Amino acid sequence: MRLADLIGLTPALTLFGLFILLPLLAAFVLSFFRWNGLGTPHWAGGANWVQFAHDPVAATSLVVTAKVVALSWAVQTPLSLALGLFTAGHQRYRAVYAAFYVLPLLLSTAGIALMWEALLDPNFGGLAGLSHSLNLGFLQQNWLGNANLALYVIVAVIAWQFIPFHTLLYQMGRRQIPGVLYEAATLDGASGWQLFWRVTLPQLRYTIATSSTLMVVGALTYFDIIYIMTDGGPGYTTRMLSLDMYQSAFQQDQFGYASVLAVVLGVLGVGIALLLIRFTGFASMESQQEGAA
Amino acid sequence: MSRALGSKPESARRRWPLATAATAAAASLLLAACGSASESGHGPTGTGGTGGTSVTAWIVTTGPSPANTVINQAVSAFEASHPGDHITVDYIENQSYKQKIQLAMGAGNPPTIFWTWGGGPLKQYIDAGDVQSLGNPGWAASFLPSSLGAVTFNGQLYGVPIEGTQPVYFFYNKTIFRKAGLTFPATWAGLLSAVQTLKSHGYAPISLAEGDQWPGLMYLEYLTDRIGGPSAFSAIQSGKPGAWSSPAVIQALTDIQQLVRAGAFQKGYDSLKFSGGGSDALVYSGRAAIQLMGDWDISQMLGLNKSFVTAGSLGMAPFPGVPGGQGNPSDLTGNTASYVSIASHATAKQKSVAEAFLQDALATTSYAKSSVSAGEVPVIKGASGFFSGQQLASYDQTIYSSVESAPSFQYSWDQALNPSEATTMLTNLAQVFELSQSPQKFASTMNSQQGAS
């Protein structure tokens with residue numbers, strides 16, 4: 001490697017090392033100590049890791065995390081794709097719809113959480129009001145207090161927040177597919193569905209990979225909406241690993257154990273991201289439009 | 001606690017320390033980092049004169065309030081009588097304080113005088129050698145004895161009350177009770193039958209903000225006391241093995257579930273939060289009849305719906321007794337007071353100024369009197385004559401008398417226990433309220449948590 005390359009890499013490497021590698025390492029080291037944030041940390045060996053292996057709360061939060069990740073992807077991808085393809089058209093009414101769809105992007109996460117919390121309040125909330133005035137009994141639910149419901153409500157609110165962003169990704173992706181591909185396919189006698197399956201979807205492959213990676217890694221570390229709306233409740237039903245980590249550190253003052261959770265979360269995040277990139281062929285990014293344009 | 005005297009609603013009034021987790025960890029980390037850089041407590045910033053000593057104090061607030069004014073006045077008066085000495089008061093927002101002080105302590109860089117709710121978290125600082133003992137001073141006798149338990153460890157005093165007492169009572173809508181032909185019950189059985197009557201009149205009997213988890217704890221605290229007396233919890237607090245499965249605790253948990261099964265709590269009680277004002281709204285809007293809450297609920301109600309309070313519709317009653325139980329029905333639970341302590345990291349001069357402030361400014365009748373004018377109920381002895389003429393005099397008078405005469409005033413369990421045990425307790429208790437955990441399961445989980453830190 002030439003000297004110039006090294007010099008060029010230095011700023012990026014320094015920032016990466018200082019703000020990503022160093023904290024990660026520190027968390028890993030701290031995971032072998034007992035520390036309540038005061039005084040000197042005490043060496044604990046593998047005790048925190050053993051505790052993690054036997055901690056039913058950590059096990060529950062891993063399951064909750066997996067559910068949120070899987071459901072978020074399964075809900076957001078088809079909806080974003082559909083909305084993205086719809087808004088990719090250039091008709092004026094679609095532009096109007098598109099403007100409405102991106103509205104959630106303008107709101108802060110805390111605002112979204114508080115708004116939905118107010119809407120879902122079973123006594124004074126908007127949905128409870130609708131259920132009275134429209135006689136829709138099923139809207140009268142204990143949305144955030146029902147252990148069988150709360151997780152799905154959270155997934156829905158997360159989807160409401162993030163679908164606009166992924167819609168934009170798919171909209172741009174669709175607009176970049178050359179029209180000649182569709183013309184050629186149409187000449188070959190392809191139907192609307194076939195155009196979607198044979199042209200649009202394969203061409204959107206990398207958009208899907210990007211969007212999915214962002215969704216999965218984003219959902220894995222998701223925190224704010226859950227923290228504000230349910231704080232992990234009822235019981236532990238919406239306590240994701242990130243929330244478990246936060247509460248271990250800042251409410252229970254167990255910084256060593258929280259570091260174990262942080263390391264697990266970090267490894268999971270990086271691992272899943274690497275796998276996604278590998279299996280979607282995202283890293284190679286070879287063009288699929290040879291000769292098309 | 002400062003009753004807002006007709007000022008804006010203090011909806012963030014809730015001072016349930018453990019539950020006041022920060023809204024954003026990152027933000028308060030930043031705050032703490034900035035704070036400790038500028039407030040090292042050693043600098044001569046603002047040194048009044050030659051040989052003077054500067055002291056910094058961190059005081060928790062929920063926003064500009066009459067209580068802050070009272071503290072500022074006490075500081076000015078102290079500085080006037082101690083020329084050269086200077087106390088800088090930093091008012092810190094309730095939510096972020098707990099992390100800010102934890103980080104400052106961990107970094108060995110706390111202010112000389114710091115706010116505390118006493119109990120388990122203060123004990124952690126004491127164990128880490130961060131807190132200056134005040135010894136066993138004679139002036140401590142000017143406080144009601146029940147008010148110093150939260151800051152007394154191994155016979156040594158570690159803090160002095162700075163803001164008033166916050167016991168827990170039942171608050172109820174008198175109009176609903178009149179319509180249902182009820183008076184507030186004095187026994188647990190009476191409460192259960194009142195629940196049935198209220199239900200038959202179409203009301204949600206009890207408003208509960210269990211989404212915050214600490215409101216449900218108040219039921220466990222009171223029931224355990226009424227059934228087993230104060231010793232049931234002191235066994236838990238002292239870490240006696242198996243103390244969580246004592247008959248009193250199991251019975252209290254069983255009674256709670258009986259209340260839940262009787263449909264006593266409003267729909268969605270397990271997700272409603274106190275801070276949003278929803279549980280109060282249920283009561284003043286006439287949908288729910290009763291709420292168990294700390295006395296800060298009076299000022300919050302006043303802020304949310306002034307006429308409801310001024311018209312005399314807000315009733316206040318002690319937690320009912322359990323006949324046959326060992327607890328005295330006059331026993332109280334809640335926050336005994338809010339305190340300030342002195343950090344051991346300060347210089348000898350700073351410590352002596354801080355001690356002088358605690359003794360000469362805070363442990364006085366005149367300070368208690370001015371805090372009454374800010375709507376507080378002080379814990380100084382002989383204050384019963386201070387309240388006449390205050391907007392909420394009748395409530396304040398009742399609160400003071402009940403604290404004065406309480407055989408036992410147990411401060412909140414989530415503050416008495418160490419933070420780790422306390423959070424586990426709150427989460428598991430919420431599951432008891434949802435009927436998804438049995439009393440026995442709760443007890444065994446908590447027994448296994450004992451001594452965890």
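A few remarks follow.
- In region B:393-406 there is at least one residue that is under 23 Å from B:ILE256 (Cβ atoms) and touching a strand residue (DSSP E or B) at 6+ places or on another chain (Cβ under 6 Å).
- Residue match in region B:219-228 (condition: within 15 Å of B:ALA264 (Cα to Cα) and buried (at least 22 other Cβ atoms within 10 Å of the Cβ)): yes
- Residues in region A:190-223 that are in contact with a Gly (Cβ under 6 Å, 6 or more places away or on another chain), part of a helix (DSSP H, G or I) and not β-branched (Val, Ile, Thr): A:LEU220 alone.
- Region B:237-249, residues that are under 13 Å from B:THR445 (Cα atoms) and open to solvent by 30 Å² or more (accessible area, probe 1.4 Å): B:PRO241, B:GLY242, B:SER245
- Top-ranked residue of region A:144-176 - restricted to ones that are closer than 21 Å to A:ALA66 by Cα and open to solvent by 30 Å² or more (accessible area, probe 1.4 Å), ranked as nearest to the chain's Cα centre (by Cα): A:PHE162
- Single match in B:ALA186, B:ALA128, B:ALA141, B:ALA194 (criterion: farther than 24 Å from B:SER405 by Cα, open to solvent by 40 Å² or more (accessible area, probe 1.4 Å) and hydrophobic (A, V, I, L, M, F, W, C)): B:ALA128
- Meeting the requirement of 2 or more residues that are within 24 Å of the chain's Cα centre (by Cα) and at pLDDT below 90, the helices (runs of 4 or more DSSP H) wholly within region B:85-199 are B:94-106, B:119-127.
- Any hit, region A:177-189, residues being modelled with pLDDT under 90, part of a loop (DSSP other than H, G, I, E, B) and under 20 Å from the mean Cα position of the chain (by Cα): no
- Check on A:ALA190, more than 13 Å from chain B (Cβ to nearest Cβ) and either within 23 Å of A:ALA70 (Cα to Cα) or among the β-branched types (Val, Ile, Thr) (or both): no
- Positions within region B:145-178 being closer than 15 Å to B:VAL379 by Cα, surrounded by fewer than 23 Cβ atoms within 10 Å (Cβ to Cβ) and hydrophobic (A, V, I, L, M, F, W, C), in sequence order: B:LEU148
- All positions within region A:25-42 that are at pLDDT below 90 and open to solvent by 80 Å² or more (accessible area, probe 1.4 Å): A:ARG34, A:THR40, A:HIS42
- Single unsatisfied condition, B:ASP414 versus (1) in contact with a Leu (Cβ under 6 Å, 6 or more places away or on another chain); (2) at positive phi: (2)
- Test result for A:TRP143, within 13 Å of chain B (Cβ to nearest Cβ), within 15 Å of A:THR230 (Cα to Cα) and part of a helix (DSSP H, G or I): no
- Subset tally (residues that are under 27 Å from the mean Cα position of the chain (by Cα) and open to solvent by 60 Å² or more (accessible area, probe 1.4 Å)) for region A:1-22: 9
- Here B:SER341 passes the criteria (1) surrounded by 23 or more Cβ atoms within 10 Å (Cβ to Cβ); (2) polar (S, T, N, Q); (3) modelled with pLDDT under 95 except the one numbered (3).
- Qualifying residue in region B:338-348 (condition: more than 25 Å from B:THR62 (Cα to Cα), among the hydrophobic types (A, V, I, L, M, F, W, C) and in contact with a Lys or Arg (Cβ under 7 Å, 6 or more places away or on another chain)): no
- Applying the criterion of at least 1 residues that are open to solvent by 20 Å² or more (accessible area, probe 1.4 Å) to the helices (runs of 4 or more DSSP H) found wholly in region B:367-453 leaves B:393-405, B:419-433, B:439-449.
- Helices (runs of 4 or more DSSP H) wholly inside region B:232-349 that include at least 2 residues being within 14 Å of another protein chain (Cβ to nearest Cβ) and hydroxyl-bearing (Ser, Thr, Tyr): B:278-284
- Qualifying residue in region A:104-121 (condition: in contact with a Lys or Arg (Cβ under 7 Å, 6 or more places away or on another chain) and either open to solvent by less than 50 Å² (accessible area, probe 1.4 Å) or within 13 Å of chain B (Cβ to nearest Cβ) (or both)): no
- The one condition from (1) away from chain B (no Cβ under 14 Å); (2) open to solvent by less than 40 Å² (accessible area, probe 1.4 Å); (3) closer than 30 Å to B:THR424 by Cα that A:ILE228 does not meet is (1).
The values are calculated or read from the model by the stated rules, or taken from the named source; none is laboratory data. Owing to the predicted nature of the structure, the values given are computational and were not obtained by experimental measurement. Backbone-built Cβ (ideal geometry, glycine too); neighbour counts: all protein chains shown. Protein only, heavy atoms only, side chains kept; ligands, DNA and RNA dropped before computing areas. Shrake-Rupley method; radii C 1.70, N 1.55, O 1.52, S 1.80 Å.
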